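Note sheet for the following structure.
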Amino acid sequence: MLHWRSWLLTIALLIPLTACGGEAPSGQGTGARRLATILSRGKVICGVSGELPGFSFVGQDGKYSGLDVDVCRAIAAALFNNPDEVEFRNLNAKERFTAVQTGEVDILSRNTTFTMSRDTSTGLEFAPVVFYDGQGIMVRKASNIKTLADLKGKSICIQTGTTTEQNLTDQMRKRGIAYTPVVFEDVNTTFATYAEGRCEGVTADRSALSSRRTTLPKPDDHVILNEALSEEPLAPAIADGDASWSNTVRWIVYALFKAEELGITSQNVDQQIKSPDPTIKRFLGAEGDLGKGAGMDNAFAVRIIKQVGNYGEIYDRNLGSKTKLNLPRGQNNLSTKGGLIFSPPFR
């Protein structure tokens, strides 16, 4: 009998042969090769920021943590039964897309906004959104800046190569507010310049502002304005045209959502495997054959939940009330609780 990992590799290699006449459907061959390459290599190469607490950050012990990191760890758990079989590569905003396009990384899991232009013209394909965000502006409390209008004539630090630069331009232009952009390529330089008082505000996704605020000498001296400049759905991305790799990533992310929907956690998953509920039985691979179509075996969800947790556990561990960020779930709650997070059916 084939070892489960050898079985996965066999499935990955056979997927391109399923089309009529033995030819792979358009875009599917590349994906199968990518998945087979990853399985043969024995690890996933994941592009992250590495500098954003709560999302991807390298601790003093050299270990990575964060929501974006845990997405990659979930993939490793599903494919290798080991969430540590990940090689993380720190990428800045400018180089992140090239790293995916050239195959330097298997997946980009780096607080990246899912937009139409990126989806259609950069050679990327996005996985499900893992965090719904919005752009904001952080200022010093002592500045008495309360609204965007109060920033008239002020300087604002911005990182180039991101959606924030265009969003700020559009919103200030629409409101007729003149300001001075102070633009940097490096995110650390952007926030260091703000911390030094060389600009009166700094703009980024609100989650990034909350994260960066925790690293400032006196976090309580800074506030994030209530006004949101945009909607920023953040999602992992892979190279376009990789159909089977895309299926694998997509359903691993959905498994995180579905586990929370079904009340399955890292603590009770062993008991849930014995559940008589047919939905749970299919999801955990106790019956049916769902994993095969996504290039995995049927127990992939069990490995993910046991070793990494469901989406709620990941959120709480990295961003929740017991962390420095203390970000309310809000729109990142399950749809059954008023949020936007949900999974298509596992059937």
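The values are calculated or read from the model by the stated rules, or taken from the named source; none is laboratory data. Source: prediction; values computed, not measured. Cβ placement follows ideal geometry from the backbone for every residue including glycine, while neighbour counts extend to all protein chains displayed. Remember, those area values only see protein heavy atoms, side chains included, never the ligands or the DNA or RNA. Shrake-Rupley method; radii C 1.70, N 1.55, O 1.52, S 1.80 Å.
Can you tell me the dipole magnitude for region 226-347 around its Cα centre, using point charges on the Cβ only (Lys, Arg +1; Asp, Glu -1), in Debye to the nearest 20?
Numbers: 14 positive and 14 negative charges, 82 e Å.
With Lys and Arg at +1 and Asp and Glu at -1, about 400 debye.
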Counting only DSSP loop positions in region 197-277, the trypsin sites (Lys or Arg not before Pro) whose Cβ has at most 15 other Cβ atoms within 10 Å are 198, 274
Holding the Cα-Cα limit at 28 Å, pick out from 154/218; 94/218; 63/274 the pairs that are longer than that. 94/218; 63/274
Indicate, rounded to the nearest 5 percent, the antiparallel portion of the DSSP beta bridges found entirely in the chain. 55
So what's the projected area for the chain, the Cα convex hull averaged over all directions, in nm²? 18.7
Most mobile of 146, 322, 174 in a GNM of the chain (Cα contacts under 10 Å): 174
Just the number please: accessible area per residue for region 149-194, 1.4 Å probe, all protein chains included, in Å². 49
Region 253-347 -> Rg/Rh from Cα coords, Kirkwood Rh, value 0.99
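Could you give the size of the charge dipole of the chain about its Cα centre, using +1 on the Cβ of each K and R and -1 on the Cβ of each D and E, expressed in debye and rounded to the nearest 20?
Rounded to the nearest 20 debye, it is 520 debye.
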Which residues' amide hydrogens lie under 5 Å from the amide hydrogen of residue 134, considering only partners 5 or more residues apart or on another chain, with H built in the peptide plane? 206, 207, 232
Percent accessible area from carbon and sulfur atoms, the chain, protein chains only, probe 1.4 Å: 50
Under a straight-distance cross-link criterion of Cα-Cα below 13 Å, which aspartates and glutamates are reachable from residue 258, leaving out those fewer than 8 residues away in the same chain? 313
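If the viscosity is 1.002 mPa s and the temperature 20 °C, what Stokes-Einstein diffusion coefficient in µm²/s follows for region 163-288 when Rh is the Kirkwood radius over Cα pairs?
On the way: Rh = 19.0 Å.
Estimated via Stokes-Einstein, D reaches 113 µm²/s.
Figure the gain on full extension for residue 102 and residue 160 (residue separation times 0.36 nm, minus the Cα-Cα span) and round it to one decimal in nm.
Numbers: separation 58, 0.36 × 58 = 20.88 nm, distance 2.16 nm.
Between residue 102 and residue 160, full extension yields 18.7 nm more.
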Sort out for me the Cα centre separation of region 283-347 from region 141-196, rounded to whole Å. 35
Please compute the per residue accessible area over region 219-312 with all protein chains in place, 1.4 Å probe, rounded to a whole number of Å². 38
Return the calculated 222 nm mean residue ellipticity for the chain, to the nearest 500 deg cm²/dmol, obtained by summing -39500 (n - 2.57) across DSSP H runs with n ≥ 4 and dividing by the residue count. -11000 deg cm²/dmol
List the DSSP H helices in the chain whose Cα atoms stretch 24 Å or more along the helix axis and whose mean Kyte-Doolittle hydropathy is at least -1.0. 243-261
